[in-house]
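Have a look at the structure below, then the notes.
The values are calculated or read from the model by the stated rules, or taken from the named source; none is laboratory data. The shown structure was predicted, so the numbers you read here are calculated from the model rather than taken from an experiment. A quick note on method: Cβ atoms are made from the backbone with ideal geometry, for glycine too, and the neighbour counts reach across all protein chains shown. In case anyone asks, the SASA skips ligands and DNA or RNA and just uses the protein heavy atoms, side chains included. Shrake-Rupley method; radii C 1.70, N 1.55, O 1.52, S 1.80 Å.
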Number of protein chains: 2
Amino acid sequence: MSTTLSDRLSEYAGVARNLGMDAVALVPGPNFTRALGHSFMSHERPFLLVIPAEGAAAALVPNLELGSWELTGFEGAVFDWRDQTGYQDAFVALMDHLRISSLAVEGQVMRVFVHHALLAAQPDLRIIDAEAEISGLRMIKTPEDIAALQRAIDISERALTRTLETVAPGQSEKQIEQTLIRFLFEEGADGLSFPPIVAAGDNSARPHAHARADYAVREGDALLIDFGARKDGFAADITRTVFLGHASDEAQAVYETVLRANLAALAVTRAGVTAHEIDDAATCVFEASPFADRIRTKTGHGLGRDVHEAPYIMRGNMAELPAGTVYTNEPGLYQIGNFGVRIEDDVLITQDGCQVLTRFPKDLQVISC
Amino acid sequence: MSTTLSDRLSEYAGVARNLGMDAVALVPGPNFTRALGHSFMSHERPFLLVIPAEGAAAALVPNLELGSWELTGFEGAVFDWRDQTGYQDAFVALMDHLRISSLAVEGQVMRVFVHHALLAAQPDLRIIDAEAEISGLRMIKTPEDIAALQRAIDISERALTRTLETVAPGQSEKQIEQTLIRFLFEEGADGLSFPPIVAAGDNSARPHAHARADYAVREGDALLIDFGARKDGFAADITRTVFLGHASDEAQAVYETVLRANLAALAVTRAGVTAHEIDDAATCVFEASPFADRIRTKTGHGLGRDVHEAPYIMRGNMAELPAGTVYTNEPGLYQIGNFGVRIEDDVLITQDGCQVLTRFPKDLQVISC
């Protein structure tokens, strides 16, 4: 990272001040990794970084992590705890040290047991969910962030190209998924953004389908593949829907409608657009089509260290999106029992428009059988 | 699964009754998957299954998941919500329908934003963290569970064998990690239990180290590999520590101490043993050795659908462990700035003793350079 730890902690102190809160607390996850420059696991062990509006940050660290913690260069007070004695005394010591009366937390990341431990240590502590404000610091991507995301996307697209070259009728969705995963790692992924969705036929109508081991793809199927590589802390998220052998007239009409919605969203994207306007552009295409009853999801979400993050691209979200925001443009149409189509790009908002970071072709693709 | 959805929901109703609570709530994660027989993603979207002590269960489901939800066969009331209108009205409708005054939740899984949404819908709702009781239903593994876990372990061990055959001085930790991941998927993994730990030299002293791209392993290094495949919903978790070229006298002494601790824990394992007794058996070996100051962690944790679950194998945990419990036996010694050794098996507790599900050799292994 080009910024210093001290600079980054100051940003979170600023969030606390803006909210009129005494401090911000971070737990392992994307904000914690961004703040500290290192990632940590949590599992059953509480792990907490508290950045006050004024004064020095302090941390509650599982003792076994101290050897990794020293790599962060953190210079504030550290309250460690051991498995055998438990963590509650460390929470009490941390809160005694901090002397705060209100705390802003990441509601989408912090789990209830940590919330309870904080309140057990200090029953009058006022805790608010400031997920939007805390994670908001990640919304504008730096050039380094974008370069890492582009690496993740490039790996993902190479893996998709290789996977589609191997797809043939008779393979199970699960086999295709396994092939995709193998190619992702061969192409250099550090990990997966999420378990890939490989769904054919009626399964493609389930936006978060699981690949089936007992369904063999066959001529005429839609094949929806939604996946992404992680690289250097950033997560790609791409969907393409292709057809096996041929695409029916209905499939072609649905596909062209989804593609028009995807392009309509891109057409309105520039610095200052609201999340509402992007979703509205795509959704209006759907509503004017014969397929309005197949709308199931919002148009997309922010993308970066987390695969789903702010801003959420949906009607009613009037947030104006600045240059440097990256979002997924993923309109889709889904008819349960029939099939679904989704086309998802990763889009960087620029001053004058946008840069589509995903380059995989979007024309209707039929895999020859 | 051999049990019916209705049987499984009854078990959670029983937990509520035993706790004197009106209901149990589950969110996507291992209990949710076990209860429903299908796994779901959550991300920013709340998703909730509430099982009352008496009466029918009800669910709050993101609209886009309805096509997947129908696969569960759930017959209770479903309150769905769409991205564009938000979820709070669905929480209000769910709570109006349920008419409960207290709710037991999974504190290690439920996030604060869901906790807040529940309280916003019903401010007088009493919420307790019943992680131990709810997840306790997963502690005794069925024969099907054990078979799935064994498949995950077998895949993991084949991948480790192949990986160690390729290790050579000059490779980075990151390269070795990538090789391991590739072999895991080639051997049939559905996913990774967690991002593998591949740590050599001083990095092996960090129990949750990250593989370094800029450190080449060299003769004399300890090489600690902690990893696992996921298969059919179950997570393996194995650690072996090997040495490159040669093991110093100190390394040999530490290794033999860790192995003796591992064997001491196995020697006391049988149905009815307490978690305390297992940890104590291993820890006493360490405390009687010259390396007592290198103790950093408890001896292990339960293993199943989650890679860290109850029971936690540590002094002070007086829970008696029944036959069918699976735990990780992973004593280790870590000296920051020097090296660490951990030997981790996955152990099934039986009536008369235990069955070690991991079969990878534990003798000190030196990789020829």
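Note down the Stokes-Einstein diffusion coefficient of the protein assembly as shown in µm²/s, whole number, using a Kirkwood radius over alpha carbon pairs, 37 °C, and 0.692 mPa s.
Approximately 122 µm²/s, per Stokes-Einstein.
Suppose we compare each residue of the stretch A:172-188 in its chain alone and in the full protein complex with a 1.4 Å probe; which ones drop by at least 50 Å² of accessible area?
Listed by number, the residues meeting the 50 Å² cut-off are A:Gln178, A:Phe185.
Work through the residues other than A:Val273 whose Cβ is under 11 Å from its Cβ and net out their charges, Lys, Arg +1 and Asp, Glu -1.
-3
Compare each residue of the stretch A:77-98 in its chain alone against the assembly with all protein chains, and report those whose accessible area goes down by 30 Å² or more; 1.4 Å probe, heavy atoms.
A:Arg82, A:Asp83, A:Gln84
What number does the stretch B:262-343 give for Rg over Rh if you use C-alpha atoms and the Kirkwood radius?
We get a ratio of 0.98 for the stretch B:262-343.
Grab the eigenvalues of the alpha-carbon gyration tensor for the stretch B:5-138, scale each by 5, take roots, and send me the semi-axes largest first in whole angstrom. Could you put the intermediate results ahead of the total?
Details: eigenvalues 78, 61, 38 Å².
Computed over the stretch B:5-138, the values are 20, 17, 14 Å.
Helix A:173-186 sits at what angle to the longest principal axis of chain A, using alpha carbons and giving 0 to 90 degrees rounded to 10?
Helix A:173-186 and the main axis of chain A meet at about 60 degrees.
Hey, what angle do you get for helix B:143-166 against the long axis of chain B, alpha-carbon based, 0 to 90 degrees rounded to 10?
Approximately 40 degrees, to the nearest ten.
Looking at the stretch A:210-228, which residues lose a minimum of 50 Å² of accessible area between their chain alone and all protein chains in place, measuring with a 1.4 Å probe and not counting ligands or nucleic acids?
Those are A:His210, which lose 50 Å² or more relative to the chain on its own.
Please name which of B:Ala310, B:Val258, B:Ala275 has its Cα lying farthest along the dipole of the stretch B:249-369 towards the positive end, using unit charges on Cβ (Lys, Arg +1; Asp, Glu -1) and the Cα centre as origin.
So the residue we want is B:Ala310.
Run the accessible area of the protein assembly as shown with a 1.4 Å probe and give the carbon-and-sulfur part as a rounded percent.
On the way: 12960 of 25980 Å².
On the protein assembly as shown, the fraction of accessible area on carbon and sulfur atoms equals 50 percent.
Taking the label point 7 Å from Cα in the Cβ direction, how far apart in nm is A:Gly245 from each other copy of itself, listed shortest first?
Those label-point separations list as 6.0 nm.
Applying the Karplus parametrisation 6.51 cos²θ - 1.76 cosθ + 1.60 with θ = phi - 60° to the phi angles of the stretch B:102-114, what ³J(HN,Hα) value in whole Hz is obtained for each residue in order, glycine and proline being reported as x?
These are the phi-based 3J(HN,Hα) values: 9, 9, 9, 10, 8, x, 8, 10, 5, 9, 4, 5, 6 Hz.
Equivalent ellipsoid semi-axes for the stretch A:63-178, as square roots of 5 times the alpha carbon gyration tensor eigenvalues: give them largest first, rounded to whole Å.
For the stretch A:63-178, the ellipsoid semi-axes come out as 42, 19, 17 Å.
Let me spell out the model: positive unit charges on the Cβ of Lys and Arg, negative unit charges on the Cβ of Asp and Glu, origin at the Cα centre of the stretch B:143-367. What dipole size does that give, in debye rounded to 20?
That gives a dipole near 240 debye.
Taking B:Ala288 in one copy and the same position in all the others, each labelled 7 Å out along Cα→Cβ, what are the pairwise distances from the first, in nm, shortest first?
With the label placed 7 Å along Cα→Cβ, B:Ala288 yields 8.2 nm.
What accessible area per residue comes out for the stretch A:1-68, rounded to a whole number of Å², with a 1.4 Å probe?
On a per-residue basis, the stretch A:1-68 sits at 30 Å².
Treat the stretch A:307-348 as a sphere of radius equal to its Kirkwood radius over Cα pairs and apply Stokes-Einstein at 37 °C in a medium of 0.692 mPa s; give the translational diffusion coefficient in µm²/s, rounded to a whole number.
Answer, rounded: 270 µm²/s.
Counting only protein heavy atoms and rolling a 1.4 Å probe, how much accessible area do A and B lose on contact, total for both sides, in Å² to 100?
That pair of chains buries around 5200 Å² in total.
So, R0 is 35 Å and r is the distance between the beta-carbons of B:Glu219 and A:Leu119; what FRET efficiency does that work out to, to 0.05? Write down the numbers at each step before the final one.
Values: r = 53 Å, r/R0 = 1.50.
Efficiency, from the Cβ-Cβ distance: 0.10.
If the cut-off is 20 Å between C-alpha atoms, which lysines fall inside it for A:Lys174, apart from same-chain ones fewer than 8 positions away?
Cα-Cα hits under 20 Å: B:Lys231.
With the label 7 angstrom out along Cα to Cβ, how close does B:Thr142 come to the same site in each of the other copies, in nm, nearest first?
5.0
Taking 1 over the mean of 1/r across every pair of different Cα atoms in chain B, what Kirkwood radius in Å do you get?
About 22.1 Å, per the Kirkwood formula over Cα pairs.
Using a 1.4 Å probe, what is the accessible area per residue for the stretch A:143-367, in Å²?
Accessible area per residue: 33 Å².
Out of B:Thr179, B:Ser10, B:Val112, whose Cα points farthest toward the positive end of the dipole of chain B (charges: +1 Lys, Arg; -1 Asp, Glu; placed on Cβ)?
Of B:Thr179, B:Ser10, B:Val112, it is B:Thr179.
Between A:Thr33 and A:Ile336, what is 0.36 nm times their sequence separation minus the Cα-Cα distance? Round to one decimal in nm.
My answer for the length gained is 105.2 nm.
Treating only the Cβ atoms of Lys and Arg (+1) and Asp and Glu (-1) as charged, compute the dipole magnitude of the stretch B:1-147 about its Cα centre; round to the nearest 20 debye.
Details: 10 positive and 19 negative charges, 35 e Å.
In debye, rounded to 20, the stretch B:1-147 gives about 160.
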